[in-house]
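Q: If you scroll down you'll find the structure; I have some questions about it.
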């Protein structure tokens, strides 16, 4: 007997509810990938805007850094709110903010100062999605190995940024730089819809009554002091800072670097430089996931130190490879990308596991704040060193620029080994 209209509604409703209850991790991975589509837009159009607006390398780096400045301004409030209310609500605001920042870059930006403003809004939007997205997972996962969910979540950062390079490059070559930001703004909006429709609210809100957020709640110095007193947790936070400084500086300038390589080698690459940058980012996804698995066996702290030293060596080797065969350049670029990301999940998972439960939200906020503080400094440092040592047309300048961003991981390893962090039991 055929089902009536009402029965069909009940069937679809039941199927929909079952789909929502099968697991939140795949949905949050998809949402994160969409939210991150705006990440590499500026890196792709950097050289175009540098020529059109006559920017120095330092100014170009500062625009990239403005993204992380906006993130740093917003993340303390975003993470403070996740300790009071369902992180899902924070995520929805972040998705809309990221879309607004990208639309502003498309329609309202015309010089260095306006770009700083709208890139900061875009970064603030990411602050409302990245760590709150992780909090959505940690609040809803009741069984299984949480660190593995975290590993996949942090690894998918590479998926989102990889597609960001690819999509932004295709749009740039087909339509122009304004369309890059305008069309990519759809990505964070899709992330907003995924969380709005497919992620159910928590059954019991953490906070009852009106929400009163004070300066002390946004910058919980007392809680941060408790986090830093935990030497194991603080080591992961400082390591994450060095990690993101190198990671985001490299990603902000990788398209410009490949453009210089094409000139230095005297022949174009077999793929567009934006496509190369996107493909290389994808290698970071398995690197982060497998890196976390290796860390579980050899020890998180030991693995982080090994990876940071290897990443530093490969970064210098990559910078020195300009003018050589494209196959050598790409091999080193892939290896560098792999080792940059090989400790990403380990650092974040280590922090989540090490932090005390009652201040976990504050710990994640400090972790993200200091990490993206490294992201704020990295692109600007890279651009400044390029200007000092001969600009984008000098191989020596590229070597010094890469050295200026990988040195922080080396210093972290030397300090923490002396401080006894590596010897601590996982």
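What follows is calculated from the coordinates using simple rules that are stated; it is not laboratory data. Predicted, not measured: the structure shown is a model, and the values here were computed from it. We place every Cβ from the backbone using ideal geometry, glycine too, and count neighbours over all the protein chains shown.
Q: Please report, for the Cα atoms of the stretch 149-201, the Rg to one decimal and the Dmax as a whole number; what are they, in angstrom?
A: Rg, Dmax (Cα atoms, Å): 13.7, 41.
Q: Taking 0.36 nm per residue of separation and subtracting the Cα-Cα distance, what length does fully extending residue 357 through residue 178 add? Walk me through the numbers before you get to the answer.
A: Numbers: separation 179, 0.36 × 179 = 64.44 nm, distance 4.47 nm.
Going from the current span to full extension adds 60.0 nm.
Q: Sticking with the crude label model, points 7 Å out along Cα→Cβ, report the distance from residue 411 to residue 85 in nm, one decimal please.
A: It works out to 4.0 nm between the two label points.
Q: With only alpha-carbon atoms counted, please give the Rg and Dmax of the stretch 229-341, in Å.
A: Cα radius of gyration and Dmax of the stretch 229-341 are 15.5, 54 Å respectively.
Q: Pairs of Cα atoms under 8 Å, at least six residues apart: use those to get the relative contact order of the chain, whole percent. Please list the in-between numbers first.
A: On the way: 727 pairs, mean separation 108.6, N = 426.
Rounded, it is 25 percent for the chain.
Q: Can I ask one more? Measuring from label point to label point, each 7 Å out along Cα→Cβ, what is the residue 48 to residue 196 span in nm?
A: 2.9 nm
Q: I've got another one for you. Arranged by the count of other C-beta atoms within 10 angstrom, fewest first, what order do 167, 100 take?
A: 100, 167
Q: Still on this structure, please answer the following. Please give the FRET efficiency for residue 269 paired with residue 117, using the beta carbon to beta carbon distance and R0 = 35 Å, rounded to the nearest 0.05.
A: With R0 = 35 Å, the Cβ-Cβ based efficiency is 0.55.
Q: What would the Debye equation give as log₁₀ I(q)/I(0) for the stretch 340-426 at q = 0.13, 0.18, 0.20, 0.24 Å⁻¹, counting only Cα atoms as equal point scatterers?
A: Normalising to I(0) and taking log10 leaves -0.59, -0.93, -1.04, -1.22.
Q: Which number comes out as Rg/Rh for the stretch 83-135 once both Rg and the Kirkwood Rh are worked out on C-alpha atoms?
A: 1.10
Q: Take the stretch 72-194, compute every pairwise Cα distance, and split them into 5 Å bins from 0; I just need the percent in each bin.
A: 2, 11, 18, 21, 20, 13, 8, 4, 2, 1, 0
Q: Right, something else. Arrange 55, 134, 309, 366 by Cβ neighbour counts within 10 Å, fewest through most, would you?
A: Taking fewest neighbouring Cβ atoms as first place, the list is 309, 55, 134, 366.
Q: So how long is each side of the chain along the principal axes, counting just the alpha-carbon atoms, biggest first, in Å?
A: Computed over the Cα atoms, the extents are 70, 55, 46 Å.
Q: By how many nm would the segment from residue 419 to residue 290 lengthen if fully extended, with 0.36 nm per residue of separation less the alpha-carbon distance? Please list the in-between numbers first.
A: On the way: separation 129, 0.36 × 129 = 46.44 nm, distance 2.73 nm.
That pair, residue 419 and residue 290, stretches by 43.7 nm at full extension.
Q: For the chain, find the longest principal axis of its Cα atoms and tell me its angle to the long axis of helix 395-419, 0 to 90°, nearest 10.
A: Roughly 50 degrees between the two axes.
Q: Put a dot 7 Å past each Cα toward the Cβ at residue 403 and residue 139; how far apart are the dots in nm?
A: It is 4.8 nm.
Q: As a footprinting exposure proxy, order 153, 42, 415, 110 by other Cβ within 10 Å, with the fewest listed first.
A: By the 10 Å Cβ count, ascending: 110, 415, 153, 42.
Q: Now a separate question. Using only Cα atoms and rounding to the nearest 10 degrees, what angle (0 to 90) does helix 326-341 make with the longest principal axis of the chain?
A: 40 degrees
Q: Angle check, please: helix 186-198 long axis (alpha carbons) against the longest principal axis of the chain (alpha carbons), in degrees 0 to 90, nearest 10.
A: Between helix and principal axis, roughly 20 degrees.
Q: Please compute the Cα-Cα pair-distance distribution of the stretch 343-390 with 10 Å bins starting at 0, giving whole percents from short to long.
A: It works out to 24, 37, 21, 14, 4, 0, in whole percents.
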